[in-house]
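What follows draws every value from the coordinates through simple rules; no lab data is involved. Quick caveat, the model's predicted, so the values are computed rather than measured. Virtual Cβ from ideal backbone geometry, glycine too; neighbours counted across all protein chains shown.
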Amino acid sequence: MTAVGIDPTVQLLDVARQRDPAGDYRMGVAERLEFESGSFDLVVSYVTLVDIVDFRTAIREMARVLQPGGSLLVANLTGFTSACAAQGWVREWQRP
């Protein structure tokens, strides 16, 4: 299995290539995936959709490149979660 990753940021692609020289890391955007339909059995979107204005198109593209029966994993953090990361998980939140 080979990891295939896309990112529109050269610096992040460089780091990915350094950490995983066997991976296939390419310049690209989620709204226009340059892969054939049904190319992958797993697509992971990790903290990606928060920065994409046209997230609906990105999700459609992710689904398009999945094989039938494939899995789409979306892990997103909200600004609130990332801004309060030092506090850790809050199990019970009450309005001030």
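Fewest to most neighbouring Cβ within 10 Å: what's the order for 51, 24?
51, 24
Kindly provide the Kirkwood hydrodynamic radius of region 4-87 in Å, to one decimal, from all pairs of distinct alpha carbon atoms.
13.9
Using the Kirkwood radius over C-alpha pairs as Rh, can you work out the diffusion coefficient of region 9-52 via Stokes-Einstein at 37 °C, viscosity 0.692 mPa s, in µm² per second?
Result for D is 270 µm²/s.
Can you tell me the order of 39-46, 58-65, 9-16 when each peptide is scored by its average per-residue count of other Cβ atoms within 10 angstrom, highest first?
Per-residue mean Cβ counts within 10 Å order the peptides as 58-65, 39-46, 9-16.
Treat the count of other C-beta atoms within 10 Å as a stand-in for reagent exposure and order 54, 7 from fewest to most.
54, 7
In sequence order, what are the phi-derived ³J(HN,Hα) couplings for region 58-70 according to the Karplus relation 6.51 cos²θ - 1.76 cosθ + 1.60 with θ = phi - 60°, rounded to whole Hz, with x for glycine and proline?
So the Karplus estimates, Gly and Pro as x, are 4, 5, 4, 5, 4, 5, 4, 7, 7, 6, x, x, x Hz.
Taking only C-alpha pairs under 8 Å that are 6+ residues apart, what is the relative contact order of region 24-65 in percent?
58
Which of 37, 10, 73 sits farthest toward the positive end of the charge dipole of region 4-87, with +1 on the Cβ of Lys and Arg and -1 on the Cβ of Asp and Glu?
It is 73, whose Cα lies furthest towards the positive end.
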